[in-house]
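Colleague: Structure incoming, see below.
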Amino acid sequence: MKDAAPKTIYLKDYTPFGFTVEEVHLTFDLAPGATRVKSRIRFAPRGGADDRRFFLHGEDLTLIRAAIDGKEVQPTLTAEGLTCDVPDAAFTWEAEVEIDPAGNTALEGLYMSNGMYCTQCEAEGFRKITYYPDRPDVMSTFTVRINGDLPVMLSNGNPVQQGEGWAEWHDPWPKPAYLFALVAGDLVAHSDSFTTCSGKEVDLNLWVRPGDEGKCAWGMEALKKSMRWDEEVYGREYDLEVFNIVAVDDFNMGAMENKGLNIFNSSAVLASPETATDANFERIEAIIAHEYFHNWTGNRITCRDWFQLCLKEGLTVFRDAQFTADMRSEPVKRISDVIDLRARQFPEDNGPLAHPVRPESFQEINNFYTATVYEKGAEVIGMLKRLVGDAAYAEALDLYFARHDGEACTIEDWLRVFEDVTGRDLGQFKRWYSQAGTPRLKVEEDWQDGTYTLTFTQTTPPSAASPEPQPQVIPINLGLLGPNGDEVKETETLEMTEARQAFTFTGLSAKPVPSILRGFSAPVILDRDSSTAERAFLLAHDTDPFNRWEAGGALARATLNAMALEDAAPDAAYLDGMLAVLRDDTLDPAYRALMLALPGQSELAAMQAEAGHTPDPRAIWTACETLRQALAQHAQDTLPRIWETCRIDAPYRPDAEQSGKRALAGAVLSLITRLDGGALAASQYGSADNMTLQVSALSCLLKAGKGQAETAAFYAQWQQDRLVIDKWFMLQVLQAAPETAAATAKTLTEHADFNWKNPNRFRAVLGALTGNHAGFHAADGAGYALLADWLIRLDPVNPQTTARMCAAFQTWRRYDARRQGLIRAQLDRIAAQPGLSRDTTEMITRIQGN
Ligand SMILES: [Zn+2]
């Protein structure tokens, strides 16, 4: 049980722990329902006022005994930990506790998944393993002995010794407890090795359940590429003799960067061409890189407290994005990231859950592993790099690693290295960390006697988190095009610091067309009334690939809004522009595939609400369907040829070139399916020899209201493969028509394979429902009711996943009074559940906003 009145924790209240921890020894006697954990920890007082008494975190522990310097003590126990009188000099604390891994369904601390012991300690799971100062600024070396009857028993660091029924590990690098990990199970390894830049050999192992050995090669390749890249680009070398990765089926997040022992959701590491799509392969490459890069940005230099989470996550997301751009295509990666930012972070930043990149208070830290902390946090690093330049960025990072290695740091420490290297004052820039909300950038232009002036006005809507937002530093990458389409001014970074600021350009022979915010140089909403003609011009001529894509998106948004709100016909300029893109074989196929995709329906709803309309999800869906149909007809003579050019004869590779072709072929197939009734998709399904082709064909068929036989065949073929069956659940809900989505999801929750306690399976159905915008927001409220039913059921079992999925309700104020009432009723129903978790209580209260 959680406490009845959740406490709010504030950044301003930070105080250091009164003791240093010199070393930690842990012994685990593993047993599913009754694991014993013995700890022996050396503490030394730091000389503060209250160092005669200490507090150690501990939750859901049964204390068997405790001793200080060998003498038994009787600490005072509460639901949150223990307090105990301690000596005024260094001492050794010993404790023995009993825990219940088999009964741990929340998947925090030590738990079991398919007979395997596994841990997840970030953010505050270690306190469910033993009594400890479970805070990131307490760092220590760990020595761990595991006693048990399982063939593979792993912990952090380097192996010391092992024998029949036991194994011992030592991690020489001081680390906070959230990076502790233990794994024990019947596992097999896919092994390899890596020689570091200084010539050290590192053993690499990817541990999986027997039967999954054939799905490890890609993950291992990605790991080696990541290790090399971090040496070459950031000068970071790996620092242990072994690097272990373990795949686990039951996991709340994607993966976890525990020192030397990364633990991965199996969906984020296992892949074979037959069972994983190109998108899965790319995601795996990125997540392996992300967790590996944490070894320096997160582990060697960690966070002082959880308010600084963006220090490790923003930087590491930025680094993994650089890596993916280097491995694949920079514009494609940038566009994909902005699509994701707009879909997930903008709604958060502009709704009741808005919080700064560095929040100033929380009740449950698990609720702050958000798109704002991660993705906006990465955007802030990108802006910083743009403002100081690549050379100064590299110099600042070298200084950061040199100055702070082995420390637990803050955003102030991070910004100071940039100030020291460049001499700049980053005081105003720091508002990106402290202010919530997405800035709007309004643009006015003026052309007089050869002088061109752009005047920008920035405003950030006030929120509960930031009631009086101040002007921010906005790097605006700008280029100018002449009337014939030539670039008359190459990209320059304008630095906006005022609320309203003008930039003047002279020496132009004709009024230029501006290309503003190239590469999406700042995470803002550009508010510019440009004409259809200008958008079509930029779509045809802009030399910046991001802004060329953006111009196509602007055309799409304009026509879709006119269609949904005013019953307008599809815009010919959009259709012609897209046809030209489709036919342009000089463009990267992956880029063309992104061009052909429509803006997200939730994003369109947000835009309409912002413009003072009440969005109708069904009307937005209809507009998207009508526009796709019109594009299919407009391009019908071209589609078969493009389809042919995407044919691949070589063996399957999930690299940028092949996956780009398959992405374009998939986009084209979805248009062809609107013309041929699904004949080509059915034929592709029948002959597909990889999962990408199978999924794209099945998606098209389901979208067309067909594919019953293929859906059944897919299940029969893959029912033994849990990750593929997740796709089977997800596709049926995602592709369902608005009127049937909730009913489809409900039927699937009654399926024998709907193991709702597994977070991947839960998200495959309920997460897909919230991703089907018109289906989730169906007028009868069936989508809302179904999600609420399941959140209520999941909360006592897994609060973290429940709380995260509550965010689907965060946009409720956008919609009409009837939908608002239906959502409010579900929020009230969830809030009224007796014993609701701290995680879910906080989320629901914030979303209700009262
Ligand atoms: Zn991370």
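Colleague: Express in whole angstrom the spacing between the alpha-carbon centres of the stretch 456-481 and the stretch 487-512.
Modeller: Centre-to-centre (Cα) distance: 17 Å.
Colleague: Antiparallel DSSP bridges in the chain: what percent, to the nearest 5?
Modeller: Here the share of antiparallel DSSP bridges comes out near 80 percent.
Colleague: Can you give the % of DSSP beta bridges in the stretch 181-329 that are antiparallel, to the nearest 5?
Modeller: If I count the DSSP bridges inside the stretch 181-329, around 50 percent turn out antiparallel.
Colleague: Can you give me the % of accessible surface on the stretch 771-823 that is carbon or sulfur? Probe 1.4 Å, all protein chains present, nothing else counted.
Modeller: Of all accessible area on the stretch 771-823, carbon and sulfur atoms account for 57 percent.
Colleague: Toward the positive end of the charge dipole of the stretch 14-173, about the Cα centre and with charges on Cβ (Lys, Arg +1; Asp, Glu -1), which of Leu26, Phe43, His170 goes farthest?
Modeller: Comparing the listed Cα positions along the dipole, Phe43 ranks first.
Colleague: Share of antiparallel DSSP beta bridges in the stretch 190-277, in percent to the nearest 5?
Modeller: For the stretch 190-277, the DSSP antiparallel bridge percentage is about 45.
Colleague: Is the shape of the stretch 717-850 best called rounded, prolate or oblate, per the rule: a/c under 1.5 gives rounded, else a/b larger than b/c gives prolate, else oblate, with a ≥ b ≥ c the square roots of the Cα gyration tensor eigenvalues?
Modeller: oblate
Colleague: Then there is this: Give the distance, in whole Å, between the Cα centre of the stretch 253-269 and the Cα centre of the stretch 752-824.
Modeller: 26 Å
Colleague: Where in the stretch 149-227 are there GluC sites (Glu not before Pro) that are in a DSSP coil and have at most 11 other Cβ atoms within 10 angstrom of their Cβ?
Modeller: Glu164
Colleague: Relative contact order, percent, of the stretch 457-579 when contacts are C-alpha pairs under 8 Å separated by at least 6 residues?
Modeller: 20 percent
Colleague: Taking all protein chains in place and a 1.4 Å probe, what share, in percent, of the accessible surface of the stretch 232-323 do carbon and sulfur account for?
Modeller: 50 percent
Colleague: I've got another one for you. Under unit Cβ charges (Lys, Arg +1; Asp, Glu -1), what dipole magnitude, rounded to 20 debye, does the chain have relative to its Cα centre?
Modeller: 1520 debye
Colleague: Still on this structure, I have one more. Please report the net charge: other residues with Cβ closer than 10 Å to the Cβ of Thr20, K and R +1, D and E -1.
Modeller: +1
Colleague: Rounded to the nearest whole Å², what accessible area per residue is found for the chain with the 1.4 Å probe?
Modeller: Per-residue value: 37 Å².
Colleague: On to the next question. Quick check on my link table: of Lys376/Lys430; Lys333/Lys661; Lys312/Lys430; Lys215/Lys259; Lys489/Lys511; Lys703/Lys757, which ones sit more than 18 Å apart, alpha carbon to alpha carbon?
Modeller: With Cα atoms farther than 18 Å apart: Lys215/Lys259; Lys703/Lys757.
Colleague: If I take every Cα pair under 8 Å that is 6 or more residues apart in the stretch 119-167, average their sequence separation and divide by the length, what percent do I get for the relative contact order?
Modeller: So the answer I get is 28 percent.
Colleague: To the nearest 20 debye, what charge dipole does the stretch 388-455 have about its Cα centre, counting +1 at the Cβ of each Lys and Arg and -1 at the Cβ of each Asp and Glu?
Modeller: With only Lys, Arg, Asp and Glu charged at Cβ, the dipole is about 320 debye.
Colleague: Now for a different question. Within a Cβ distance under 13 Å of Trp166, other residues only, what is the Lys/Arg minus Asp/Glu net charge?
Modeller: Net of charged neighbours comes to -3.
Colleague: Could you tell me whether the stretch 624-714 comes out rounded, prolate or oblate from its Cα gyration tensor? Rule is a ≥ b ≥ c as square roots of the eigenvalues, rounded for a/c under 1.5, then prolate if a/b exceeds b/c, otherwise oblate.
Modeller: Oblate, since a/c reaches 1.5 and b/c is not below a/b.
Colleague: What relative contact order, as a whole-number percentage, does the chain give when Cα pairs under 8 Å and 6 or more residues apart are counted?
Modeller: Over the chain, the number comes to 9 percent.
Colleague: Moving on to the next point. If you count, for each residue, the other Cβ atoms within 10 Å and average over each peptide, how do 604-616, 747-759 line up from highest to lowest?
Modeller: 604-616, 747-759
Colleague: Place the peptides 267-279, 788-800, 481-493 in order of packing, highest mean first, counting for every residue the other Cβ atoms within 10 Å and averaging per peptide.
Modeller: Packing proxy ranking, top to bottom: 267-279, 788-800, 481-493.
Colleague: Answer rounded, prolate or oblate for the chain, using the Cα gyration tensor with square roots of eigenvalues a ≥ b ≥ c: rounded when a/c is under 1.5, else prolate when a/b is larger than b/c, else oblate.
Modeller: In terms of gyration-tensor shape, prolate.
Colleague: Using a simple charge model, +1 on the beta-carbon of Lys and Arg, -1 on the beta-carbon of Asp and Glu, nothing else, what dipole does the stretch 162-261 show about its Cα centre, in debye to the nearest 20?
Modeller: Result for the stretch 162-261 is approximately 260 debye, rounded to the nearest 20.
Colleague: Next question, about the same structure. How much FRET efficiency would the formula 1/(1 + (r/R0)^6) give for Arg46 and Ala67, where r is the Cβ-Cβ distance and R0 is 22 Å, rounded to 0.05?
Modeller: Efficiency, rounded to the nearest 0.05: 0.50.
Colleague: Something else now. At 0.36 nm per residue, minus the direct Cα-Cα distance, what do Ala572 and Glu445 gain on full extension? Give it in nm, one decimal, please.
Modeller: 43.1 nm is the gain from fully extending Ala572 to Glu445.
Colleague: Set Lys and Arg Cβ to +1 and Asp and Glu Cβ to -1, take the dipole of the stretch 680-805 about its Cα centre, and tell me which of Ser687, Thr749, Phe762 lies farthest positive.
Modeller: Checking the options against the dipole of the stretch 680-805, the answer is Phe762.
Colleague: Considering only Ala289, Thr324, Asn299, whose Cα is most displaced toward the positive end of the charge dipole of the stretch 278-334, charges sitting on Cβ of Lys, Arg (+1) and Asp, Glu (-1)?
Modeller: Asn299
Colleague: Between the stretch 349-367 and the stretch 590-665, what is the separation of their alpha carbon centroids in Å?
Modeller: If we compute the Cα centre of each part, the gap is 33 Å.
Colleague: Let's test the formula: R0 of 41 Å, r as the Cβ-Cβ distance of Glu80 and Ser198. What FRET efficiency results, to the nearest 0.05?
Modeller: E(calc), rounded to 0.05, equals 0.35.
The values are calculated or read from the model by the stated rules, or taken from the named source; none is laboratory data. The structure presented is a predicted model; accordingly, all values stated were derived computationally and were not measured. We place every Cβ from the backbone using ideal geometry, glycine too, and count neighbours over all the protein chains shown. Side chains included, ligands, DNA and RNA excluded: accessible areas come from the protein's heavy atoms. Shrake-Rupley method; radii C 1.70, N 1.55, O 1.52, S 1.80 Å.
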